[in-house]
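The values are calculated or read from the model by the stated rules, or taken from the named source; none is laboratory data. The structure displayed is predicted, hence computed values, not measured ones. Don't worry about glycine lacking a Cβ; one is built from the backbone with ideal geometry, like all the others, and counts go over all protein chains shown. Protein only, heavy atoms only, side chains kept; ligands, DNA and RNA dropped before computing areas. Shrake-Rupley method; radii C 1.70, N 1.55, O 1.52, S 1.80 Å.
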Amino acid sequence: MDDCSSLAYNIFTGWLAFILVLIMLPSMFGMSLGISEVYMKLLMKMLEWATLRIQKGFEEQKKLRMVASNGIIQRDESPMEAEIGGLRQSRSQCLQRGDFELSDVFYFSKKGFEAIADDEVTQRFSSEELISWNLLTRTNNNFQYLSLRVTIIWVLGVFVRYCILLPLRVTLATIGISWLVVGATLVGHLPNGRVKNWFSERVHLVCCRICGRALSSAIQYHNKENRPKKGGICVANHTSPIDIIILANDGCYAMVGQVHGGLMGVIQRAMARACPHVWFERSEMRDRHLVTKRLREHVFDKEKLPILIFPEGTCINNTSVMMFKKGSFEIGGTIYPVAIKYDPQFGDAFWNSSKYTMVKYLLRMMTSWAIKCNVWYLPPMTRQENEDAVQFANRVKSAIAKQGGLIELPWDGGLKRDKVKDSFKQEQQKNYSKIIAGENVFQKEI
């Protein structure tokens, strides 16, 4: 019995020593021993080999291309008047006041079928399609179990991901979160000043870097001279809750959000002691003026960390940027845009909150091969004269989409959970009523 206890103790101490020396210490100083680079190279070669084996067995997969649509739906972007006019039984018939034909129903039916079969909004809330299987069971089913060799590699991959990487990553995440709670609590007892701010930033950086290693993250930062500065607002496209960890690996930010209970509440309270984050009660979140006031007070204090905000308000699937809510752009101050683009080949970073709970999502992340992404810091932007908040938000969104190679969409990400706004319905009803009322009279040429 003593021998078993001694063996377990030796294994445990050896495991912690391995983590401390090879992972934690380098991450605390922002260094790399090259282990992750070697791991990524081996992973790349393995996935390339698997792809070639799959393509060899199925030649038709060579023609597969990364497309947003399946090609079945050919959308007609013509105005409503032109499309309805084309459906009229008589090509020479004018749209006169009070005109109505049963054929008009086909236009609205066609638009409805298009939306169901190939909706450009809802498809942004599901995982993006890969051009080849990355040996993860939760990707394209068409690429699984296609040969004996690929199946053997997949089985070995499951063993590595669940029996080696998962325990290691859970240990690192536990250490990182514990470090944040304990370190931030201790720093919170220091008097306000530069010393406290310095220790607070070190605690936050070390915690996020350890948590980043817990995800086997490989992050490449571009244009670091444009990194957000104190007294500003950092806005970025939103794919996953780990966006915060990705950005905080390279700098500290003040978080904005609702007060939570449980473990998240413990973390929030510890963070608030060490750094002036902006947490709101549920009732306060509904008070727009109060939120704007507190954010403005934070922004105009040049000694406070830049605020990190995701204006989309929800997670999008790494292919697009949807509507930026204007609230962040009404506060004032300098906006520091940041574009984040993940490489889905190594793991799907998108969080489908309507399908997976946070616990299930984190389990998926910790059993992926790795999280690889690029981060671009864009030049700071300020609101121009005669530019309202909506126009400013759209300008920033366009810059982020262009830099990240993302599709720019005008739709509100709130459609992920809410119904279409009445204003969108009323706009279509208004357009059709103009046709019936004869305000838009046109002649279809033969």
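Let's see how each residue does on (1) open to solvent by 30 Å² or more (accessible area, probe 1.4 Å); (2) touching a Lys or Arg at 6+ places or on another chain (Cβ under 7 Å):
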{"residue": "I331", "(1), (2)": "no, yes"}
{"residue": "N352", "(1), (2)": "no, no"}
{"residue": "L362", "(1), (2)": "yes, no"}
{"residue": "C373", "(1), (2)": "no, yes"}
{"residue": "L378", "(1), (2)": "no, no"}
{"residue": "Q384", "(1), (2)": "yes, no"}
{"residue": "F392", "(1), (2)": "no, yes"}
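Can you say whether S354 is modelled with pLDDT under 85, under 16 Å from the mean Cα position of the chain (by Cα) and not basic (K, R), as far as the supplied structure shows? Judged against the criteria, S354 is a match. The single residue among K302, K293 that is open to solvent by 10 Å² or more (accessible area, probe 1.4 Å), at pLDDT below 85 and under 22 Å from N197 (Cα atoms) turns out to be K302.
Per-residue answers, yes or no, for (1) hydrophobic (A, V, I, L, M, F, W, C); (2) under 18 Å from A248 (Cβ atoms):
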| residue | (1), (2) |
| --- | --- |
| V150 | yes, no |
| I177 | yes, yes |
| H189 | no, no |
| F199 | yes, yes |
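Residues that are touching a helix residue (DSSP H, G or I) at 6+ places or on another chain (Cβ under 8 Å) and open to solvent by 30 Å² or more (accessible area, probe 1.4 Å) number at least 1 in the following strands (runs of 3 or more DSSP E) confined to the range 147-262: 217-222, 254-258.
G332 passes every criterion in (1) more than 14 Å from the chain's Cα centre (by Cα); (2) modelled with pLDDT of 85 or more; (3) at positive phi apart from (2). Aromatic (F, W, Y) and at pLDDT 90 or above - does that describe any residue in the range 158-179? Yes, some residue in the range 158-179 is aromatic (F, W, Y) and at pLDDT 90 or above.
Regarding M323, is this residue in contact with a helix residue (DSSP H, G or I) (Cβ under 6 Å, 6 or more places away or on another chain), buried (at least 18 other Cβ atoms within 10 Å of the Cβ) and either at pLDDT below 85 or not basic (K, R) (or both)?
Spelling it out, it is not the case that M323 is in contact with a helix residue (DSSP H, G or I) (Cβ under 6 Å, 6 or more places away or on another chain), buried (at least 18 other Cβ atoms within 10 Å of the Cβ) and either at pLDDT below 85 or not basic (K, R) (or both).
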